[in-house]
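One structure is given here, and the rest of the page talks about it.
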Amino acid sequence: MKLYLISDNIDTQMGMRLAGVEGTVVHEREEVLSVLNKVMEDPEVAIVLMTTKIVNTCPDVISELKLKLSRPLLVEIPDRHGSAKIGETIDRYISEAIGIKL
C-alpha cells in the first residue's frame, strides 16, 4: 500500500518525496479532480494526502468522498505555512458525519 500527495506547492512535494511519497503539484479545481480520480483508480494507493489549500479548491467533492469511500483514505495536511485550523476542520467533518454540532 502506498501514500500519494496532492499538493499546491513544490516545497511540500519535495519534502514528501524525500520520505518516499510520490505526488503531484496542482492549482486548479479541474486539475485536482482529475488527479484525484486517477489516484483513486490505483489499487496500490491506500492514503491520499492533500494540503489544506487543495482541499479548499473543492471542499464539497472532498467531503462527499471522505464520507462515502472506504479506500483510499483522504487526509488533509497543513502546508509549510501552517495557517489552517485543522481542529476546526475535523470538528466540521465529525459534525457532518453524525449530524450533531460539536
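The values are calculated or read from the model by the stated rules, or taken from the named source; none is laboratory data. The structure displayed is predicted, hence computed values, not measured ones. With ideal geometry, Cβ positions are generated from the backbone for all residues, glycine too; neighbour counts draw on all protein chains shown.
A few remarks follow.
- Output for segment 36-50, where each listed residue is surrounded by fewer than 12 Cβ atoms within 10 Å (Cβ to Cβ) and of a type in the set (A, V, I, L, M, F, W, C): none
- Unique residue being on the phi < 0 side of the Ramachandran plot and without any contact (Cβ under 8 Å) to a residue 12 or more places away in the chain when the list is Glu64, Glu22: Glu64
For (1) part of a loop (DSSP other than H, G, I, E, B); (2) in contact with an Asp or Glu (Cβ under 7 Å, 6 or more places away or on another chain); (3) within 16 Å of Val75 (Cα to Cα), each residue gets a yes or a no:
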| residue | (1), (2), (3) |
| --- | --- |
| Gly23 | no, no, yes |
| Glu30 | no, no, no |
| Ser34 | no, no, no |
| Asn37 | no, no, yes |
| Pro43 | yes, no, no |
| Val48 | no, no, yes |
| Val55 | no, yes, yes |
| Asp60 | no, no, yes |
| Ser63 | no, yes, yes |
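Residue by residue, here is whether (1) at pLDDT 95 or above; (2) farther than 21 Å from Glu88 by Cβ; (3) surrounded by 18 or more Cβ atoms within 10 Å (Cβ to Cβ) holds:
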position	(1), (2), (3)
Met16	no, yes, yes
Glu30	yes, yes, no
Ser34	yes, yes, no
Thr52	no, no, yes
Pro59	no, no, no
Leu65	no, no, no
Lys68	no, yes, no
